[in-house]
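Written below as structure tokens is the structure these notes are about.
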């Protein structure tokens, strides 16, 4: 990225740190605290969820910007501590809800104005990654973040069910969210599917929108009414300029650090998604 220098990469495995460092022309460290001795403007925290706060806090307290992987923290208490540290020092705090940076999502956002029903299917194959958390925090949280960004209304009721299939955590989950506005969202997430599906559909008065996250495709249809004539259905594929979402996320983080303005997915947005995911997980535990 232009105007950005990779100061170091950190991994607790020495060989891994050195391998990545050699590929990227930087140095490899084995302890994140070694970075505190160097001049860095921002860090990317991509470690197990349970230590997000532990790793991010020393940087936030020193006014160093942090882009923290989703979910933002292990608990809401930890998330609140991170937000407080960032506010006190003026540090930029961003959360890696990468799907929000998907070009298809960016194309769709201004088109969804009054959603009444949202249907989500996010299904993926089993992976050894992120098995320390439920599928709600690992996978579903992407869609929760997007839904909260679009449905600007309080959640009035939650129904949820989860099943631990291959691990001790919930590997497949479904949540039905009812908002005070009347909108209903039906969200299914799985990390044990044979087929990979990542789609979200929006239904609103006289319009339907569909996103294929993986293909970065948007399809939209609307009912056009004209005086004295039969209503006509118009629509089809909506052009999307395809880009790598992770790169867009990093570009936005660098912009936020330089301009000292919030990232598109800032700490507050990360906390909202975490809070909703926590409520859903609690409902599943109680079933």
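Every number in this text was worked out from the coordinates using simple rules, so none of it is lab data. Note that this is a predicted model, so its numbers are computed, not measured. All Cβ positions, glycine included, derive from the backbone under ideal geometry; neighbour counts span all protein chains shown.
Observations on the structure shown:
- Exposure proxy for 210, 181, 190: other Cβ atoms within 10 Å of each Cβ, ordered fewest to most, give 181, 210, 190.
- Compactness of segment 37-178 as Cα Rg over 2.2 N^0.38 Å, two decimals: 1.16
- Kirkwood Rh in Å, taken over the chain so that all alpha-carbon pairs contribute: 20.3
- Both numbers refer to the Cα atoms of segment 118-212; Rg and Dmax are 13.7, 44 Å.
- Expected 222 nm ellipticity per residue - DSSP helices of 4 or more, -39500 (n - 2.57), all of the chain, to 500: -9500 deg cm²/dmol
- Taking the DSSP bridge list for the chain and keeping only pairs wholly inside it, about 70 percent are antiparallel.
- Under a Gaussian network description of the chain, with springs only between Cα atoms under 10 Å, the residue in 107, 26, 98 that fluctuates furthest is 26.
- Acute angle (nearest 10 degrees) that the helix 76-89 long axis makes with the longest principal axis of the chain, alpha-carbon atoms: 70
- Nearest-ten-degree value, helix 267-286 long axis tilted from longest Cα axis of the chain: 70
- Contact order, relative form, for segment 1-63: 25 percent (alpha carbon pairs under 8 Å, 6 or more residues apart, mean separation divided by residue count).
- Here the extension length gained between residue 2 and residue 87 equals 27.8 nm, from 0.36 nm per residue of separation less the Cα-Cα distance.
- Between the beta carbons of residue 241 and residue 203, assuming R0 = 22 Å, the FRET efficiency works out to 0.30 to the nearest 0.05.
- Axis angle, to the nearest 10 degrees, between helix 52-61 and the longest C-alpha principal axis of the chain: 70 degrees.
- Just checking the listed ones, 29, 276, 83: in the Gaussian network model of the chain with Cα springs under 10 Å, the one fluctuating most is 29.
- Each peptide in 243-249, 280-286, 233-239 gets a packing score, the mean of other Cβ atoms within 10 Å over its residues, and the list from highest to lowest is 280-286, 243-249, 233-239.
- Taking 224, 187, 155 as the candidate residues, the one with maximal mean-square fluctuation in a Gaussian network model of the chain, Cα springs under 10 Å, is 224.
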